[in-house]
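Notes for the one structure printed next.
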Amino acid sequence: MFRRWDTVNRMDVWVGSYTPATGGNGAGISTFLRAPDGTLTPDRELPMLSPSWLTAHPSAPVVYAANESGDGAITVVSTDLEILGTVSSDGADPCHLAVAADGRHLLCSNYSSGSLSVFALAEDGRITGQTDLVRHEGNGPHKERQEAAHVHMAVVRDRIVSVVDLGTDEIRSYELMENGKLDPLSVSAMPAGSGPRQLVRRPGSDLAYVAGEVNGTLIVVRETTPGTFTPVTVVPATKETWTGDAPNWVAHLELAGDRLYLSNRNPDVITEFDLTGETPVALADHPSGAWPRHFAIAGGTVYVAAQRDDAVVAFPAGGGAAVRYPSGTPTCVLVR
């Protein structure tokens, strides 16, 4: 039996994880109940293979999980935490999922295959079949991280799908047709060696922001025409210069009004930027737990999937004392 996203008896926070089959120690999907003050209480668990990314349908009572492994898959889960079905992602190591605003199509980024899969969705959110698959080709100057195309995210606005490729230093945009096919639209070059991982548009503006994972930067881009992005400026991903022996593998971006938050792995901080001007200004590096792979902001609280800390780490968005909630190898936080 389905239930919609409501305010009664709900599971507020879903956490995806890496599981033992892929080197983690997570259970699969874990859920927490969120109190009005933002504190979390463990609720339930649903075992499955490494659900590293979770995405909710905009209207149907389902969540999609990317099962990140060499034989990639997508699992459809009801809001009652029951598995409704699993399909192949048609690519290796799926790492991101996005649903079109009309709820009719699901897009899956397959990292190791350098490909994007498209699936048709029924009104109840179930996957009814695959409609397209596009593969990228190319590489970048970083020999270990950019030896081939690595699709990391697809962002959908209206019918425009913009695909961020870490391996080729590009954002490739397509038009999503009514039948679920992808029609090539444009290719936007990002700074060489930046290794773009994620893209987020600023509402009411032609500006957008790109996480440069490989070179540890935040890239400001301007969307000159729908789906075409031109770099404007590049700033360091942290307020304090990172001087550690290991690289800063930048990960996740979130916008909150005139603030932008960016997670930095190895520095292990969430950096808060002021966006009141065209160039982001780093305000603070907030400690986030070890290896902050992903985070979500809700009710003034930042919930971080601290992958190597085996915990969800929560702290006030403006900075403050952090609270640690045990959770094995967390990779993604979905707040309802």
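Listing for the model above:
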quantity	calculated
Inter-site label distance for residue 148 and residue 120 at 7 Å from Cα along Cβ, in nm	3.0
1.4 Å probe accessible area per residue over the stretch 84-217, in Å²	37
Whether the stretch 252-305 is rounded, prolate or oblate, judged on the alpha carbon gyration tensor where a/c under 1.5 counts as rounded	oblate
Qualifying GluC sites (Glu not before Pro) for the stretch 163-245 [loop in DSSP, other Cβ within 10 Å: at most 16]	178, 240
For the stretch 12-98: relative contact order, % (alpha-carbon pairs under 8 angstrom, 6 or more apart)	21
Chain lengthening between residue 225 and residue 175 when straightened (0.36 nm per residue, less Cα-Cα)	16.7 nm
Normalised contact order of the chain, rounded percent, pairs of Cα under 8 Å and 6 or more residues apart	11
Gyration tensor verdict on the stretch 143-223 (Cα atoms; rounded if a/c is under 1.5, prolate if a/b is larger than b/c, oblate otherwise)	oblate
Carbon plus sulfur fraction of accessible area for the stretch 264-336, probe 1.4 Å, in percent	52
Per-residue HN-Hα couplings for the stretch 22-32 [Karplus 6.51, -1.76, 1.60; θ = phi - 60°; Hz; x = Gly/Pro]	10, x, x, 9, x, 8, x, 9, 10, 10, 10
Heavy-atom accessible surface of the stretch 98-228: percent carbon and sulfur, 1.4 Å	49
Relative contact order, percent, the stretch 91-243 [alpha-carbon distance under 8 Å, six or more residues apart]	15
Derived scalar couplings ³J(HN,Hα) [the stretch 184-189; Karplus, 6.51 cos²θ - 1.76 cosθ + 1.60; whole Hz; x for Gly, Pro]	x, 10, 6, 10, 10, 7
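The values are calculated or read from the model by the stated rules, or taken from the named source; none is laboratory data. No experiment lies behind these values; they were computed from the predicted model shown. All Cβ positions, even for glycine, are placed from backbone atoms using ideal geometry, and neighbour counts span all protein chains on display. All accessible areas refer to the heavy atoms of the entire protein, side chains included, with ligands and DNA or RNA removed. Shrake-Rupley method; radii C 1.70, N 1.55, O 1.52, S 1.80 Å.
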